[in-house]
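Beneath this line is the structure, given in structure tokens, with notes to follow.
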């Protein structure tokens, strides 16, 4: 939602902004294009490979540009290290980047055979293969039910354990496809892959940590814009925004979630589940 992101951030030419999910730099480029030489953009991501790929897209333009690697939970610490007391705006796009989805060796894709990895940062030790092959059936079931809306969690956890060892994405997808009836539109393994990815990267915990840090990172009048892609993420953002408004610390600017236009979803079907929320700090 490029147009919506720029509109809701209300970018000030001389402001200081952070894209904490830089990915390949698409949204970050839009922000930087709005900045004057007095402005600053912190392009941040936990995936160092993505940042390397984003550099050519972002290096030209006005304003100071800072690349920073790290998860949501270390944002305030990183801003302190960079000498940035407060931001005028923050963007978090919680979707998996196109680079990660299309790189078979990263292990995120159901349709591209590769190692069962799913780490957003290669510096992490835990992989999806570790969970699939060494967790108990109960632990795998808990991961599926906690991190997805997959109703067949018990059946699928059992199928995974019986099929071990499983070390590739295509092998896991095949095991789940055999155990589960096909879904309309979604591959039957979609929600299990989502649940494993969330567990590997502690995505929900990290998003909770980001929500706690927003009041510590954004100046009064500054805005936080967050794009989520499933109800687990959206619930965290919605509740955090509502609590900050209840405390008198922020005003919610999106009373209802903003969704992509039909034209955008026609161009990019992956955007169809995106939900944007924005608030302004007081």
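Taken over the range 7-32, residues that are in contact with a strand residue (DSSP E or B) (Cβ under 9 Å, 6 or more places away or on another chain), outside any helix (DSSP H, G or I) and within 27 Å of residue 122 (Cα to Cα) amount to 8. Look through 198, 214 and report the one residue that is more than 17 Å from residue 115 (Cβ to Cβ) and touching a strand residue (DSSP E or B) at 6+ places or on another chain (Cβ under 7 Å). That would be 214, the only listed residue that is more than 17 Å from residue 115 (Cβ to Cβ) and touching a strand residue (DSSP E or B) at 6+ places or on another chain (Cβ under 7 Å). Checked against (1) crowded, with 18+ Cβ neighbours inside 10 Å; (2) assigned to a loop (DSSP other than H, G, I, E, B); (3) in contact (Cβ under 8 Å) with a residue 60 or more places away in the chain, residue 35 meets all criteria but (3). Do we have residue 92 as in contact (Cβ under 8 Å) with a residue 60 or more places away in the chain, out of contact with any helix residue (DSSP H, G or I) (no Cβ under 7 Å at 6 or more places or on another chain), crowded, with 23+ Cβ neighbours inside 10 Å and not in a loop (DSSP other than H, G, I, E, B) here? Judged against the criteria, residue 92 is not a match. Residues in the range 128-136 include none that are within 30 Å of residue 277 (Cα to Cα) and more than 21 Å from the chain's Cα centre (by Cα). Checked against (1) closer than 28 Å to residue 47 by Cβ; (2) touching a helix residue (DSSP H, G or I) at 6+ places or on another chain (Cβ under 6 Å); (3) at pLDDT 95 or above, residue 157 passes all but a single condition, namely (1).
Looking at 12, 58, 82, 30, which is the one that is surrounded by 18 or more Cβ atoms within 10 Å (Cβ to Cβ) and touching a residue at least 24 places away in the same chain (Cβ under 8 Å)? I'd like the intermediate steps shown before the answer.
Values: 12 fails: surrounded by 18 or more Cβ atoms within 10 Å (Cβ to Cβ); 82 fails: surrounded by 18 or more Cβ atoms within 10 Å (Cβ to Cβ); 30 fails: surrounded by 18 or more Cβ atoms within 10 Å (Cβ to Cβ).
Answer to the check: 58.
Quick one: is residue 73 in a helix (DSSP H, G or I) and either farther than 20 Å from residue 264 by Cβ or in contact with a helix residue (DSSP H, G or I) (Cβ under 7 Å, 6 or more places away or on another chain) (or both)? So residue 73 passes the test. Across the range 135-152, what is the number of residues that are in a helix (DSSP H, G or I), without any contact (Cβ under 8 Å) to a residue 24 or more places away in the chain and more than 18 Å from residue 202 (Cα to Cα)? Selection size over the range 135-152: 1.
Could you list, in sequence order, all residues of the range 38-70 that are in a helix (DSSP H, G or I) and touching a helix residue (DSSP H, G or I) at 6+ places or on another chain (Cβ under 8 Å)? Of everything in the range 38-70, those that are in a helix (DSSP H, G or I) and touching a helix residue (DSSP H, G or I) at 6+ places or on another chain (Cβ under 8 Å) turn out to be 49, 50, 53, 54, 57, 58.
Scanning the range 242-252 for residues that are out of contact with any helix residue (DSSP H, G or I) (no Cβ under 8 Å at 6 or more places or on another chain) and either surrounded by 13 or more Cβ atoms within 10 Å (Cβ to Cβ) or touching a residue at least 12 places away in the same chain (Cβ under 8 Å) (or both), which turns out farthest from residue 273 (Cα to Cα)?
248
For the range 180-204, which positions are surrounded by fewer than 19 Cβ atoms within 10 Å (Cβ to Cβ), in a helix (DSSP H, G or I) and in contact with a helix residue (DSSP H, G or I) (Cβ under 8 Å, 6 or more places away or on another chain)? If the condition is that a residue be surrounded by fewer than 19 Cβ atoms within 10 Å (Cβ to Cβ), in a helix (DSSP H, G or I) and in contact with a helix residue (DSSP H, G or I) (Cβ under 8 Å, 6 or more places away or on another chain), then 204 is the only one that fits.
Can you tell me which of 219, 223, 259 is crowded, with 22+ Cβ neighbours inside 10 Å and touching a strand residue (DSSP E or B) at 6+ places or on another chain (Cβ under 9 Å)?
Details: 219 fails: crowded, with 22+ Cβ neighbours inside 10 Å; 259 fails: crowded, with 22+ Cβ neighbours inside 10 Å.
From the options 219, 223, 259, the qualifying one is 223.
Determine if the range 106-115 includes at least one residue that is surrounded by fewer than 20 Cβ atoms within 10 Å (Cβ to Cβ), modelled with pLDDT of 95 or more and farther than 30 Å from residue 185 by Cα. For the range 106-115, residues surrounded by fewer than 20 Cβ atoms within 10 Å (Cβ to Cβ), modelled with pLDDT of 95 or more and farther than 30 Å from residue 185 by Cα: absent.
The values are calculated or read from the model by the stated rules, or taken from the named source; none is laboratory data. Since the structure is predicted, the reported quantities are computational estimates derived from the model, not experimental observations. Please note: Cβ atoms are built from the backbone with ideal geometry, for glycine as well, and neighbour counts cover all protein chains shown.
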